[in-house]
Amino acid sequence: RSFPTRRSSDLHGLYYPFAGCVYGAHHNLAWEILVDARFVRNRGGWTQLLEELGRLPRQGPVMLSSEDFSLIPIARLSQFFYALAGVDLTVLWVYRPLRDFLESLHAEEVKNGMTLLSLEQFVTEKIAFDQRVRLDKYFSLLTGTFGIRIVVLPYRQDMVADVAAYLDLTPVAEGKRYRENARISQGDLRRL
């Protein structure tokens with residue numbers, strides 16, 4: 001599939017690729033690396049992204065966005081970063097306080113049938129095995145091994161203004177609002 005190569009005038013020269021974009025973000029790129037069943041072949045992957053970027057009239061800043069990039073194990077990320085050697089990369093990481101992050105993640109996984117663990121069991125497992133809980137280690141590997149700059153922004157319900165400010169862009173006044181995950185009460189979670 002061929003993806004268009006037009007820039008959004010609202011992004012002031014920042015290119016947001018079409019290839020790999022699912023639900024408004026580049027989840028498909030993360031899913032391809034993860035070999036995730038949600039990968040949608042006709043939405044494009046890394047090969048299509050590189051082809052799309054190669055067709056641009058000039059190379060400028062490119063933004064890839066997906067919270068699922070944080071799920072990619074460091075071993076697999078290394079392949080990605082070595083492939084991008086020489087590219088000036090900055091990782092913009094939106095940090096959500098650990099307790100809030102784990103409660104939200106637990107609620108989503110219960111709601112989607114991905115876990116039957118109690119919140120306490122879930123937290124214990126995530127603290128032991130989830131790389132997103134050990135950001136100090138994760139970030140030191142990214143900066144030390146790959147020389148990547150990392151900028152951390154605090155999580156807020158509407159991150160658009162914060163990200164736009166960091167990128168020195170004027171945020172789009174009105175746009176399509178994507179679904180936010182609805183919070184489930186603890187009682188409903190227990191019943192699920």
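Results, tabulated for the structure shown:
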{"quantity": "Charge tally in the Cβ shell below 14 Å around F139, where Lys, Arg are +1 and Asp, Glu are -1, F139 excluded", "calculated": "+3"}
{"quantity": "Built amide H within the under 5 Å cut-off of Y15, gap 5+", "calculated": "V62, M63"}
{"quantity": "Gain in span if fully extended, Q131 to V151, counting 0.36 nm per residue against the direct Cα distance", "calculated": "5.4 nm"}
{"quantity": "Relative contact order, percent, the stretch 17-70 [alpha-carbon distance under 8 Å, six or more residues apart]", "calculated": "45 percent"}
{"quantity": "Listed residues I148, I33 arranged by accessible area, highest first, probe 1.4 Å", "calculated": "I33, I148"}
{"quantity": "Gain on full stretching of the segment that runs from D88 to R58 - 0.36 nm per residue minus C-alpha separation", "calculated": "9.2 nm"}
{"quantity": "S104 accessible area, assembled protein chains, probe 1.4 Å, Å²", "calculated": "20 Å²"}
{"quantity": "Length added when fully stretched, S140-F81, from 0.36 nm per residue minus Cα-Cα", "calculated": "19.8 nm"}
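The values are calculated or read from the model by the stated rules, or taken from the named source; none is laboratory data. As the structure is a prediction and not an experimental result, all values here were calculated from the model. Counting neighbours? That spans all protein chains shown, and the Cβs are built from the backbone with ideal geometry, glycine included. Keep in mind that these areas ignore ligands, DNA and RNA; they rest on the heavy atoms of the full protein, side chains included. Shrake-Rupley method; radii C 1.70, N 1.55, O 1.52, S 1.80 Å.
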